[in-house]
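Report on the following structure.
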Amino acid sequence: MKIHPTAIISKEACLERGVEVGPYAIIGAGVKIAKGVRIGSFCDVKNDVTLGAGTQIFTGAVIGNVPQDLKYDGAKSSVVIGKNNIIREYVTINLSTQEGSRTIIGDNNLIMAYSHIAHDCVVGSHCIIANSGTLAGHVTLGDRVVVGGLVAIHQFVRLGTMSIVGGCSKVVMDIPPYSMCDGHPAKFYGLNLVGLKRAGVSKDAIHGLKAAYKIFFRSGLNKKHAVEKIKKSLPPSPEIGHLVEFISTSERGICH
């Protein structure tokens with residue numbers, strides 16, 4: 001381990017081999033840090049936080065502070081962060097609110113400077129949250145989601161797998177999988193074709209998604225009837241199955 005002499009580390013924290021902690025960083029009781037994690041100067045990691053192997057945390061980030069929720073009553077909750085994440089300068093990630101609950105970050109994410117991930121959020125893997133992206137409480141991001149800079153996401157909103165949201169957008173409804181959305185409030189602009197092709201999604205699946213979105217957004221049918229038509233008229237695929245499930249379970253409505 002490489003620990004700067006000015007760092008303050010609780011005896012009740014657990015650090016595995018190969019961990020680096022920079023100047024004036026604070027590691028509190030209950031923190032669990034896996035091998036190869038690097039924590040920069042002036043970071044503050046506290047309470048029940050787990051950092052997965054290979055994660056890098058840059059200057060001034062604060063992870064595991066209490067939620068910014070007036071209902072929080074001191075319940076024992078946690079933050080769980082997976083492997084090989086990059087968490088840049090002054091990012092804040094808060095504890096969840098309920099006893100035994102978790103704020104969760106997956107693997108291989110890039111969370112850029114000044115971003116905020118609030119209580120009870122769930123972020124998948126291979127996501128990018130650009131500078132000053134703001135996730136309110138209980139927001140969920142699927143895998144391979146891209147959130148542009150200065151985006152504000154309303155509490156309980158879900159962003160589907162491989163969706164992308166343009167910079168400075170205001171997101172108040174669910175963003176469907178594989179889509180591009182932008183605006184204030186955010187509106188649907190089409191499929192994330194670049195992301196789909198990079199992920200190796202087949203041409204047939206992409207054509208199916210185009211047809212599904214045409215039914216959902218342009219047929220004039222309500223959500224229930226549009227989903228039924230997608231199921232009946234299009235050949236099944238994992239992508240369409242995921243899209244149908246996402247739309248069917250939306251509680252905030254779908255961005256359109």
Tell me whether the range 203-211 contains one or more residues that are touching a Ser or Thr at 6+ places or on another chain (Cβ under 7 Å) and within 19 Å of residue 245 (Cα to Cα).
yes
What are the pairs, 6+ residues apart or on separate chains, where a residue within the range 234-256 that is touching a residue at least 24 places away in the same chain (Cβ under 8 Å) has its Cβ under 7 Å from a residue that is surrounded by fewer than 18 Cβ atoms within 10 Å (Cβ to Cβ) and small (Gly, Ala, Ser)?
234/211; 237/205; 239/205
Kindly indicate whether any position in the range 18-28 is within 20 Å of residue 106 (Cβ to Cβ) and buried (at least 18 other Cβ atoms within 10 Å of the Cβ).
no
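With respect to residue 51, is the statement that it is more than 21 Å from residue 14 (Cα to Cα) and more than 13 Å from the chain's Cα centre (by Cα) true?
Details: more than 21 Å from residue 14 (Cα to Cα): no; more than 13 Å from the chain's Cα centre (by Cα): yes.
Considered against the rule, which asks whether it is more than 21 Å from residue 14 (Cα to Cα) and more than 13 Å from the chain's Cα centre (by Cα), residue 51 comes out as no.
For residue 173, are the conditions met, namely being at positive phi and at pLDDT 95 or above?
So residue 173 fails the test.
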Of everything in the range 236-254 that's closer than 20 Å to residue 200 by Cβ and either modelled with pLDDT of 95 or more or polar (S, T, N, Q) (or both), which residue is surrounded by the most Cβ atoms within 10 Å (Cβ to Cβ)?
243
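Here is a yes/no grid of residues against (1) in a loop (DSSP other than H, G, I, E, B); (2) of a type in the set (S, T, N, Q):
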site: 119; (1), (2): yes, no
site: 132; (1), (2): yes, yes
site: 137; (1), (2): yes, no
site: 161; (1), (2): yes, yes
site: 167; (1), (2): yes, no
site: 211; (1), (2): no, no
Count of residues meeting criterion [free of Cβ contacts under 8 Å to residues at least 40 places away in the same chain and on the phi > 0 side of the Ramachandran plot] in the range 2-51
5
Just to be sure before I move on: is residue 172 crowded, with 18+ Cβ neighbours inside 10 Å, more than 26 Å from residue 29 (Cβ to Cβ) and among the aliphatic types (A, V, I, L, M) in the structure I sent?
no
Select from the range 111-128 the residues that are farther than 20 Å from residue 67 by Cα and free of Cβ contacts under 8 Å to residues at least 24 places away in the same chain and write down the one among them that is surrounded by the most Cβ atoms within 10 Å (Cβ to Cβ).
127
For the range 38-54, what are the residues that are assigned to a loop (DSSP other than H, G, I, E, B) and crowded, with 24+ Cβ neighbours inside 10 Å?
43
Test: residue 9 is modelled with pLDDT of 95 or more and over 22 Å from residue 113 (Cα atoms):
yes
Of everything in the range 55-98, what is more than 13 Å from residue 25 (Cα to Cα), in contact with a strand residue (DSSP E or B) (Cβ under 8 Å, 6 or more places away or on another chain) and part of a loop (DSSP other than H, G, I, E, B)? Give them in sequence order.
55, 66, 67, 68, 77, 82, 85, 88, 91, 95, 96
Out of 71, 32, 11, 46, report the one residue that is touching a Gly at 6+ places or on another chain (Cβ under 6 Å) and either of a type in the set (D, E, K, R) or more than 15 Å from residue 84 (Cβ to Cβ) (or both).
46
Scan the range 196-215 for residues that are more than 20 Å from residue 254 (Cα to Cα) and out of contact with any helix residue (DSSP H, G or I) (no Cβ under 7 Å at 6 or more places or on another chain) and jot them down.
197, 198, 199, 200, 202, 203, 204, 207
Tally of residues being buried (at least 18 other Cβ atoms within 10 Å of the Cβ) and more than 24 Å from residue 41 (Cα to Cα) across the range 89-101
2
Scope the range 183-209; condition in a helix (DSSP H, G or I) and surrounded by fewer than 14 Cβ atoms within 10 Å (Cβ to Cβ); matching residues
194, 197, 198, 203, 204, 207
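The values are calculated or read from the model by the stated rules, or taken from the named source; none is laboratory data. Since the structure is predicted, the reported quantities are computational estimates derived from the model, not experimental observations. Using ideal geometry, Cβ is built from the backbone for each residue, glycine included, and neighbour counts are taken over all protein chains shown.
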